[in-house]
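The values are calculated or read from the model by the stated rules, or taken from the named source; none is laboratory data. The model shown is predicted, which means the values in this text are computed figures rather than measured ones. Here Cβ is always computed from backbone atoms with ideal geometry, including for glycine, and neighbour counts include all displayed protein chains.
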Amino acid sequence: EAGVAQSPRYKIIEKRQSVAFWCNPISGHATLYWYQQILGQGPKLLIQFQNNGVVDDSQLPKDRFSAERLKGVDSTLKIQPAKLEDSAVYLCASVPGRLAGGPYNEQFFGPGTRLTVL
Amino acid sequence: GQQVMQIPQYQHVQEGEDFTTYCNSSTTLSNIQWYKQRPGGHPVFLIQLVKSGEVKKQKRLTFQFGEAKKNSSLHITATQTTDVGTYFCAGPNAGNMLTFGGGTRLMVKP
């Protein structure tokens, strides 16, 4: 079974530039998450999708971050404009069930995109 | 909001020594999950605990869920260099979204 795919793996941009990340979850996984992991910290949830709808985006800085999952499969996360503090690894994860924290709903993470903002 | 804390933040051990990391939540959890992240890698699911006082073992790893379902621990017996990485606990908040702890980074000297 193929895992969660993400691209690019690395991205270096200057502050105030825009950047987009792409995620393809495991086939059949209805629920998709984007996390931000700053160096030395645990992953912080940004947004959750159930199919093509947003379930929770309460922790997404909406003034500069946006995400979509138009066809309920692939997802993109965009930052516009980027700030220095956005430097982090952006992880995508998917689960087969409806609820992330429910019993037996382990999250399958992709390799992440390491973003450096100069 | 819900907070999940882990201690210690770092742990250096000699290969063969035991290791324990502790996880504490500010709220009662319906379940708790543990993940391992190797250096440069992504989090990989280890286990989920659901019942109060539950203890589960995976070879040299022992996981416990507290009676009050607010704390958990992971114990590794006789560490090996392959155990190197950061261990995260994660619990669902009221909206069933996972909150991760800050992790415990384990370093093993051969």
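Results for (1) part of a loop (DSSP other than H, G, I, E, B); (2) under 10 Å from the mean Cα position of the chain (by Cα); (3) at pLDDT 95 or above; (4) surrounded by 16 or more Cβ atoms within 10 Å (Cβ to Cβ), shown as yes or no for each residue.
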position	(1), (2), (3), (4)
B:Leu46	no, yes, yes, yes
B:Ser52	yes, no, yes, no
B:Gln64	no, yes, yes, yes
B:Glu67	yes, no, yes, no
B:Ser73	no, yes, yes, yes
B:Thr82	no, no, yes, no
B:Cys89	no, yes, yes, yes
B:Thr99	no, no, no, yes
How many residues, within segment B:81-93, are more than 14 Å from chain A (Cβ to nearest Cβ) and in contact with a strand residue (DSSP E or B) (Cβ under 7 Å, 6 or more places away or on another chain)?
3
Hits in segment A:8-25 (condition: surrounded by 14 or more Cβ atoms within 10 Å (Cβ to Cβ) and under 14 Å from the mean Cα position of the chain (by Cα)):
A:Val19, A:Ala20, A:Phe21, A:Trp22, A:Cys23, A:Asn24, A:Pro25
Selected residue [touching a His at 6+ places or on another chain (Cβ under 6 Å) and among the aromatic types (Phe, Trp, Tyr)] from A:Phe109, A:Phe21, A:Phe65
A:Phe109
Residues of segment B:22-35 that turn out to be within 11 Å of chain A (Cβ to nearest Cβ) and either farther than 11 Å from B:Asn71 by Cβ or charged (D, E, K, R) (or both), as a count
5
Return a yes/no flag: does segment A:87-94 have any residue that is touching a residue at least 12 places away in the same chain (Cβ under 8 Å), under 23 Å from B:Val50 (Cβ atoms) and crowded, with 20+ Cβ neighbours inside 10 Å.
yes
Answer residue from segment B:1-38, given it is in a strand (DSSP E or B) and among the aliphatic types (A, V, I, L, M) and is nearest to B:Thr77 (Cα to Cα) among those:
B:Val13
Please note which strands (runs of 3 or more DSSP E) are completely contained in segment A:1-104 and include at least 1 residues that are charged (D, E, K, R).
A:10-13, A:44-50, A:53-56, A:65-68, A:75-79
Candidate set from segment B:1-21 (those that are at the interface with chain A (Cβ under 10 Å from one of its Cβ atoms) and within 22 Å of A:Trp34 (Cβ to Cβ)); member that is farthest from the chain's Cα centre (by Cα)
B:Gly1
Which of the residues spanning segment A:53-83 are among the acidic types (Asp, Glu), surrounded by fewer than 16 Cβ atoms within 10 Å (Cβ to Cβ) and in contact with a strand residue (DSSP E or B) (Cβ under 8 Å, 6 or more places away or on another chain)?
A:Glu68, A:Asp74
